[in-house]
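See structure below.
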Amino acid sequence: MADTVAGPDGRPRCRWCAATPDYLAYHDREWGFPVSDDRRLFEKLSLEGFQSGLSWRTILAKRENFRAAFAGFDVAQVARFTEADVARLLADAGIVRHRGKIEAVINNAQRACELVAKEGSLAAYVWRFEPAPDGLAAPQTVSTSAESVALSKDLKKRGWRFVGPTTVYAFMQAMGLVNDHVEDCVIRAEVARARAAFTRPHQGLDSITP
């Protein structure tokens with residue numbers, strides 16, 4: 001089976017984006033483009049945690065509901081959620097109602113505030129784990145990497161939950177730490193250009209105020 005499928009414009013794209021119409025825009029405009037915004041990084045880590053055991057199609061379809069339910073994934077606001085918020089979220093049919101995952105997002109927001117106080121920003125911390133170009137596997141052939149294992153281990157050491165190596169690798173693919181579009185995908189070159197022009201965040205920049 002070919003690695004690509006023709007999109008509506010006839011150009012080749014990663015085969016997975018043909019699974020549902022929602023995937024096409026996500027594939028073309030978001031997946032793999034580098035991100036340095038702390039809120040978007042926290043959102044994606046949170047949604048990857050919710051995806052555990054489910055499909056990304058399910059989570060993507062509910063993404064706007066998740067954003068409304070979790071204060072736009074504003075880290076400082078989510079860190080202040082209480083048991084009343086947990087009850088509210090468990091009653092929200094628009095999201096995945098899993099107590100462990102809901103409580104993990106709140107816990108992780110608290111841990112993110114601690115991390116920002118030490119590292120300057122979530123982005124500065126995360127991008128330290130960007131793989132070296134010569135150490136990458138062929139696109140879409142692995143579900144973990146040495147870097148995702150290292151980031152997962154460090155996050156867990158800091159008290160984060162639902163951040164296993166596979167979850168973290170999916171996050172790294174989506175947020176542009178790796179360009180995992182297949183070689184013949186028309187978007188791969190766009191992502192490569194975006195990554196080349198991207199300014200890697202440094203400690204003290206892009207910080208959140210807890």
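Read-outs throughout are calculated quantities, based only on the coordinates presented, and are distinct from any laboratory measurement. Nothing here was measured: the structure is a model prediction, and the numbers come from that model. Note that each Cβ is placed from the backbone with ideal geometry, even for glycine, and that neighbours are counted across all protein chains shown.
I need the calculated FRET efficiency for the pair THR20 and ARG200, taking r as the beta carbon distance and R₀ as 30 Å, to the nearest 0.05.
The formula returns an efficiency of 0.40 here.
Would you mind getting me the FRET efficiency between ARG39 and VAL5? Use the beta-carbon distance for r and R0 = 25 Å, nearest 0.05. Intermediate results must be reported in sequence, preceding the final value.
On the way: r = 32 Å, r/R0 = 1.28.
The calculated FRET efficiency here is 0.20.
For the chain, what size does the Cα cloud have along each of its three principal axes, sorted from largest down, in whole Å?
Projected onto its principal axes, the Cα set of the chain covers 50, 38, 24 Å.
Using a 10 Å cut-off around each Cβ, can you sort SER145, SER46 from fewest to most neighbouring Cβ atoms? Don't skip to the answer; put the middle values down first.
On the way: SER145 21, SER46 27.
Sorted ascending by nearby Cβ count, the order is SER145, SER46.
Name the most mobile residue of ALA104, ALA170, ALA87, meaning the one with the largest mean-square fluctuation, in a Gaussian network model of the chain with Cα contacts below 10 Å.
Result: ALA87 has the largest fluctuation of those listed.
By counting other Cβ atoms within 10 Å of each Cβ, how are THR166, THR58 ranked from fewest to most?
Details: THR166 15, THR58 11.
Least to most surrounded, the residues fall as THR58, THR166.
Local charge sum around GLU103 (other residues, Cβ-Cβ under 15 Å, Lys/Arg +1, Asp/Glu -1)? Working shown, then result.
On the way: positive: ARG80, ARG88, ARG97, ARG99, LYS101, ARG111, ARG161; negative: GLU83, ASP85, ASP92.
Net charge around GLU103: +4.
Pick from VAL168, VAL35, VAL86: which residue has the top mean-square fluctuation in a GNM of the chain where Cα pairs under 10 Å get a spring?
VAL86
May I ask you to derive the relative contact order of the chain, considering only C-alpha pairs under 8 Å and at least 6 residues apart, and to give it as an integer percent?
Working: 285 pairs, mean separation 66.8, N = 210.
Dividing the mean separation by the residue count of the chain yields 32 percent.
What does the helix-only formula give at 222 nm for the chain: each DSSP H stretch with n ≥ 4 adding -39500 (n - 2.57), the total divided by the residues, and the result rounded to the nearest 500 deg cm²/dmol? Don't skip to the end; give the middle numbers.
Values: 11 runs with 109 residues, N = 210.
Helix-only estimate at 222 nm: -15000 deg cm²/dmol.
Test of understanding: ordering HIS202, HIS27, HIS98 by Cβ neighbours within 10 Å, fewest first, what list do you get? Before the final figure, lay out the partial values.
Details: HIS202 13, HIS27 20, HIS98 17.
By the 10 Å Cβ count, ascending, the order reads HIS202, HIS98, HIS27.
Stokes-Einstein at 20 °C, 1.002 mPa s, Kirkwood radius from Cα pairs: D for the range 123-210 in µm² s⁻¹? Present the calculation step by step, with values, prior to reporting the outcome.
Values: Rh = 14.0 Å.
It comes out at roughly 153 µm²/s.
Could I have the simple spin-label model distance between VAL149 and GLU130, label points 7 Å from Cα toward Cβ, reported in nm to one decimal?
My value for the distance between the label points is 2.3 nm.
Just list whichever of LYS62/LYS157; LYS62/LYS153; LYS118/LYS156 have alpha carbons separated by over 25 Å in the model shown.
Values: LYS62/LYS157 30 Å; LYS62/LYS153 29 Å; LYS118/LYS156 16 Å.
Among LYS62/LYS157; LYS62/LYS153; LYS118/LYS156, the Cα-Cα distance tops 25 Å for LYS62/LYS157; LYS62/LYS153.
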